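Asks: Pasting a structure here, questions to come.
Readers should treat all values here as calculations from the given coordinates under stated rules, not as data from a laboratory. From a predicted model like this one, the values you see are computed outputs, not experimental measurements. Here the Cβ positions follow ideal geometry from the backbone for every residue, glycine too, while neighbour counts run over all protein chains shown.
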Amino acid sequence: MKVRTAVVSGQFYPEEPQVLRAQVQALLSGSRSIPDPQVRALIVPHAGYDYSGSIAADAYKMIEGRKFESVVLIAFLHRMFLQGVLVDDVEAYETPLGRIPVDRVLVREIQKCHPLLRNAAAGRIEEHSLEVQLPFLQEALPGLKIVPVYIGVQDIQNITALAEALAKTMVTRNILVVATSDLSHFHPYDVAVKKDNAVIALFEEANSEAIYEAYAEEKVEACGMGPVLAMILLARKMGWAGPRLIRYANSGDVTGDKGSVVGYAAMAFKDSRES
């Protein structure tokens, strides 16, 4: 059985199962959010739990206890170069909380939609942006299946191919989509807040062309711009509303060190067709 084992347990989150479960449960129970049946997709941060865990929990609390056929996770590769998009077809992912089966039927349907989605990655993927979402999902949605997606080059061709493939394969399915991104990196607190408010406002306008242009010209910052843009394009095709901000904070709010901070946002898309 081909399984992706955890690479950042003990670094980004605890490696002891009981400690990890207790931390995730505490973050979810302490969340300001409430479950919302209209939520169809989320944008979440991917830093260590001590930094962005409470922000992520405010997103995951909104889907706690829901039933989905699968969860599509859109991440990107910090350390590995990949020209296209990896829609991972391993059999399972493993965290200290156990194994999560991959929905290989849906994976293969997505892969068939475009040649860019058939990239493979041999060996171990040293990537945390997707992995840190898994313990939250294991606690919020017990028994889930996942579709792990990693965008390589964050260009408009890859982003569009992925959004179109997801829209095509999700039409008759009840799927949750999670895209992950942190915001600005290593600016003084006040500068970071200004930059992050600007990019959040652009996200809420859901104008993917304007967002991509601003990102290409380095007017805004987000280290997961590809996943966010793919999510915004998908939401447009699916008729979902959003994204809307759930909560923003940065590392300075957590540590008190405001000299050089990283920004985090949790956002949600809702099905506007539901009552």
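Asks: Compare the peptides 54-60, 126-132, 234-240, 10-16 by average per-residue count of other Cβ atoms within 10 angstrom and give them in order, highest first.
Replies: Packing order, densest peptide first, comes out as 54-60, 126-132, 234-240, 10-16.
Asks: While we're on this one: Which FRET efficiency, nearest 0.05, do SER272 and GLU209 yield, Cβ-Cβ r, R0 22 Å? Don't jump to the answer; show the numbers that get you there.
Replies: Details: r = 21 Å, r/R0 = 0.97.
Efficiency computed from Cβ-Cβ geometry: 0.55.
Asks: Which Cα, out of ILE146, TYR51, ALA26, lies furthest along the positive dipole direction of the chain (beta carbon charges, K/R +1, D/E -1)?
Replies: ILE146
Asks: Sorted by mean Cβ packing within 10 Å, highest first, what order do the peptides 143-151, 187-195 take? Present the calculation step by step, with values, prior to reporting the outcome.
Replies: On the way: 143-151: 21.9, 187-195: 16.3.
Top to bottom by mean Cβ count within 10 Å: 143-151, 187-195.
Asks: While we're on this one: Sorting check: for 154-165, 108-119, which peptide has the highest mean count of neighbouring beta carbons within 10 Å, and how do the rest follow? Let's see the in-between values first.
Replies: Details: 154-165: 19.8, 108-119: 17.4.
Packing proxy ranking, top to bottom: 154-165, 108-119.
Asks: Take GLU94, GLU217 and order them by how many other Cβ atoms sit within 10 Å, fewest up front.
Replies: Sorted ascending by nearby Cβ count, the order is GLU217, GLU94.
Asks: Still on this structure, please answer the following. Whole number please: convex hull volume per residue of the Cα set in region 126-211, in Å³?
Replies: That works out to 155 Å³ per residue.
Asks: Something else about it: Out of every Cα pair in region 31-126, what percent are spaced more than 16 Å from each other?
Replies: Above the 16 Å cut-off, region 31-126 has 68 percent of its Cα pairs.
Asks: Which translational diffusion coefficient, to the nearest whole µm²/s, is obtained for region 199-247 from the Stokes-Einstein equation, given a Kirkwood hydrodynamic radius over C-alpha pairs, 37 °C and 0.692 mPa s?
Replies: 301 µm²/s
Asks: Report the Cα-based extents of region 121-275 along its three principal axes, largest first, to the nearest Å.
Replies: Principal extents (largest minus smallest coordinate, Cα): 48, 40, 33 Å.
Asks: In addition: Step through the residues of region 3-20 one at a time and calculate ³J(HN,Hα) from phi using the Karplus curve (6.51 cos²θ - 1.76 cosθ + 1.60, θ = phi - 60°), rounding each to whole Hz and writing x for Gly and Pro.
Replies: Each residue of region 3-20 in turn: 10, 8, 8, 5, 10, 10, 5, x, 10, 8, 7, x, 8, 7, x, 5, 5, 4 Hz.
Asks: What's the whole-number percent of alpha carbon pairs in the chain lying beyond 27 angstrom?
Replies: That fraction is 32 percent.
Asks: Please report PHE269, PHE68, PHE186 as a ranked list, fewest other C-beta atoms within 10 angstrom at the top and most at the bottom.
Replies: PHE186, PHE68, PHE269
Asks: Could you derive backbone 3J(HN,Hα) for region 241-258 from the dihedral phi with the Karplus parameters 6.51, -1.76 and 1.60 (θ = phi - 60°), listing whole Hz in sequence and x where the residue is Gly or Pro?
Replies: 3J(HN,Hα) across region 241-258, in whole Hz: 9, x, x, 10, 5, 8, 6, 10, 7, 9, 4, x, 5, 8, 8, x, 8, 9.
Asks: To the nearest µm²/s, what D does Stokes-Einstein give for region 89-161 at 37 °C and 0.692 mPa s, using the Kirkwood radius over alpha carbon pairs as Rh?
Replies: It diffuses with D of about 242 µm²/s by this estimate.
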